[in-house]
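Read through the structure below, which is laid out as structure tokens, and then see the notes.
Only the coordinates and a few stated rules stand behind these numbers; no lab work does. Keep in mind that what you see is a predicted model, and the values were worked out from it rather than measured. Note that each Cβ is placed from the backbone with ideal geometry, even for glycine, and that neighbours are counted across all protein chains shown.
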Amino acid sequence: MTREQVEQALRRAEQLADQARSRLDRPIALMGQNVWTGPAAQRFAGELTAQRQILIGACAGAVEELRALLARTPADSPG
């Protein structure tokens with residue numbers, strides 16, 4: 001991969017990580033407002049929160065890997 005490709009991949013990974021984080025914030029917030037109650041709701045809320053943490057961790061790991069790759073990728077040669 002060229003440095004430019006790594007930079008593009010990093011930008012995209014950062015965008016996707018932000019989207020993943022923000023897209024699950026509202027459903028998790030709604031679960032805390034007694035929109036749905038009972039044992040099944042509690043289990044679902046717990047599982048959703050756990051899966052959100054796993055997803056955020058995976059996204060952060062991908063971003064960190066791309067940052068490390070960028071750090072060791074030489075600058076692209078001019079023209």
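Considering only alpha-carbon pairs that sit under 8 angstrom and 6 or more positions apart, the relative contact order computed for the chain is 62 percent. Annotation for GLN19 and GLN5: the two label points, set 7 Å from Cα along the Cα-Cβ direction, are 2.2 nm apart. Counting only alpha carbon atoms, the long axis of helix 3-31 and the longest principal axis of the chain meet at about 10°.
When the chain is described by a simple charge dipole with +1 on each Lys and Arg Cβ and -1 on each Asp and Glu Cβ, the residue from LEU10, LEU48, TRP36 located farthest towards its positive end is TRP36.
Given the Cα-Cα distance of LEU30 and LEU55 and 0.36 nm per residue of separation, how much length would full extension add, in nm? That works out to 7.1 nm of additional length. Inter-label distance, ALA41 to ALA71: 4.6 nm, where each label sits 7 Å from its Cα along the C-beta direction. Given 4 °C and 1.567 mPa s, compute D for the range 3-72 with the Stokes-Einstein relation, Rh being the Kirkwood radius over Cα pairs; round to the nearest whole µm²/s. Estimated via Stokes-Einstein, D reaches 95 µm²/s.
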